[in-house]
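Asks: I have a structure here, written as structure tokens, and I will follow up with some questions on it.
What follows draws every value from the coordinates through simple rules; no lab data is involved. Predicted model only: the values in this text are computed from it and were never measured. Don't worry about glycine lacking a Cβ; one is built from the backbone with ideal geometry, like all the others, and counts go over all protein chains shown.
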Amino acid sequence: MSDRNLEYDFKWCPGCGDFGVKRALEQAINTYTEEFEIPRTSNVIVAGIGCSGNMVHLLDGEQPFGIHGIHGRTLPIAFGVSTSRPDLNTIIVAGDGDFLSIGGEHIGPSAARNPNITCIVMDNGVYGLTKGQSSPTSDTGQITTSTPFGKMEAKMKPLELYLSYGVSYIASHYSSKPKLLAQFIVDGMKHKGLSIIHVQSPCTTYNDTYDILKGDRKKGIPGTAFIIEEDHDPSDYNAASSLLQKGGVPLGLIFKKEPPTINELQDKLIQDKSKKIEDILASYSI
């Protein structure tokens, strides 16, 4: 990594779940660019701040365009890219702290606009880059560097949050299955609208949840991750809501609908010859 990008010498801890997400994203970009016969530079990766942000600098092969933005603002930056250049494949890489804490305020408006953006959220339940403080998805009562007597706030449930906001594509997986994860990332890229692939990506230094996710019979740990049943209907909101009430970490496609994107609505407005540009602009000043 350092030989290719001498100015960036970022490293992840051994065993970090983000390595699996990196492999999945590379596979997804390769699949997408080959299928649609576009150059890798037609992909734009928007990152925030955190361990996940290093993804912009660490991808192997020909580099897509990358924007290492500011903390919590991946969605508005990506919105600008996507709406101004709809020909590009806009991808967000973010962590749970970046996307769900300071960045949480942008999820609702983004879901309402439904832009063509694929979000890959790496959830490790802590702020790993800044030495393990609690994040929105840390367990209540969890001991961290910022909560030595246990976290007092309730644990956020991001999948339920996405569903309640009306995100049009919601999938969930974890980093130990990069080939399967890559398939959902590609599916999210093809989806017309806002797609969020929420990935459990354990932090081996501050919050190692591998055994909790996969289970360990010798330690008597049943495992919280489970594969979504084949008869689940992702187009059914109530079915998706019921699925999330089961608890644990569902692996697969949770919800998918296809409302018009903001790009399609803008194009329709532009093509409407009955509305003059001057009148449209004037309407904003009323």
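Asks: Among rounded, prolate and oblate, which fits segment 25-101 when a ≥ b ≥ c are the square roots of the eigenvalues of its C-alpha gyration tensor, a/c under 1.5 means rounded, and a/b larger than b/c means prolate? Numbers along the way, then the final one.
Replies: Details: a/c = 2.31, a/b = 1.44, b/c = 1.60.
Note, shape of segment 25-101 comes out oblate.
Asks: Also: When only C-alpha pairs under 8 Å and at least 6 residues apart count, what is the relative contact order of the chain, in percent?
Replies: Averaging sequence separation for qualifying contacts and normalising by length gives 18 percent for the chain.
Asks: Share of Cα-Cα pairs in segment 18-260 beyond 25 Å, in percent?
Replies: Taking all Cα-Cα pairs of segment 18-260, the fraction more than 25 Å apart is 38 percent.
Asks: Students often forget the sequence filter, so: which lysines lie under 27 Å Cα-Cα from Lys192 once same-chain residues fewer than 8 apart are removed?
Replies: Lys22, Lys157, Lys177, Lys179, Lys256, Lys257, Lys268, Lys273, Lys275
Asks: Note down the magnitude of the dipole of segment 18-260 about its Cα centre, charges +1 on Lys and Arg C-beta and -1 on Asp and Glu C-beta and zero elsewhere, to the nearest 20 debye.
Replies: Details: 21 positive and 25 negative charges, 86 e Å.
About 420 debye.
Asks: Another question, if that's okay. Note down the Stokes-Einstein diffusion coefficient of segment 121-189 in µm²/s, whole number, using a Kirkwood radius over alpha carbon pairs, 37 °C, and 0.692 mPa s. Display every interim value, and only then the final one.
Replies: Details: Rh = 13.8 Å.
Value of D from the Cα-based Kirkwood radius: 238 µm²/s.
Asks: Could you rank the peptides 278-285, 79-86 by their average count of other C-beta atoms within 10 Å per residue, with the highest value first?
Replies: Highest-to-lowest ranking by the protection proxy: 79-86, 278-285.
Asks: Express in % the proportion of alpha carbon pairs of segment 65-206 at distances exceeding 26 Å.
Replies: 23
Asks: If you don't mind, another one. Which residues' amide hydrogens lie under 5 Å from the amide hydrogen of Phe65, considering only partners 5 or more residues apart or on another chain, with H built in the peptide plane?
Replies: Here the answer is Asn43, Ile45, since their amide H atoms fall under 5 Å of that of Phe65.
Asks: How large is the helix-only mean residue ellipticity at 222 nm for the chain, computed as the sum of -39500 (n - 2.57) over DSSP H runs with n ≥ 4, divided by its residue count, in deg cm²/dmol to the nearest 500?
Replies: About -9000 deg cm²/dmol.
Asks: Give me the one-decimal nm value for the distance between modelled label points at Lys276 and Ser176, 7 Å along each residue's Cα-to-Cβ direction.
Replies: It works out to 6.5 nm between the two label points.
Asks: Let me ask something else. What are the semi-axes of the equivalent ellipsoid for segment 217-275, taken as the square roots of 5 times the Cα gyration tensor eigenvalues, largest first, in whole Å?
Replies: 42, 12, 8
Asks: Run the simple label-point estimate for Glu230 and Thr145 please: 7 Å along Cα→C-beta, distance reported in nm.
Replies: 4.7
Asks: Residue by residue, what Karplus-based ³J(HN,Hα) values in Hz, rounded to whole numbers, does segment 42-48 have, using 6.51, -1.76 and 1.60 with θ = phi - 60° and x for Gly and Pro?
Replies: 8, 9, 10, 9, 10, 10, x
Asks: Applying the Karplus parametrisation 6.51 cos²θ - 1.76 cosθ + 1.60 with θ = phi - 60° to the phi angles of segment 80-88, what ³J(HN,Hα) value in whole Hz is obtained for each residue in order, glycine and proline being reported as x?
Replies: Result, ordered by residue: x, 5, 5, 6, 7, 10, x, 6, 8 Hz.
Asks: While we're here: How large is ³J(HN,Hα), in whole Hz, for each residue of segment 175-192 in order, when computed from phi with the Karplus curve 6.51 cos²θ - 1.76 cosθ + 1.60 and θ = phi - 60°, using x for Gly and Pro?
Replies: My calculation for segment 175-192 gives 6, 6, 10, x, 5, 5, 4, 4, 5, 6, 5, 4, 4, x, 5, 6, 5, 7 Hz in order.
Asks: Would you calculate the volume per residue, in Å³, of the smallest convex hull containing every Cα atom of segment 53-142?
Replies: Numbers: hull volume 8.9 nm³, N = 90.
Taking only Cα atoms, segment 53-142 has a hull volume of 99 Å³ per residue.
Asks: Now a separate question. Can you tell me the Rg and the Dmax, both Å, for the Cα atoms in segment 131-244?
Replies: 15.9, 45
Asks: Calculate the spin-label point distance for Glu35 paired with Glu258, positioning each point 7 Å from the Cα along the beta-carbon direction, and give it in nanometres.
Replies: Each label point lies 7 Å from its Cα, and together they span 1.4 nm.
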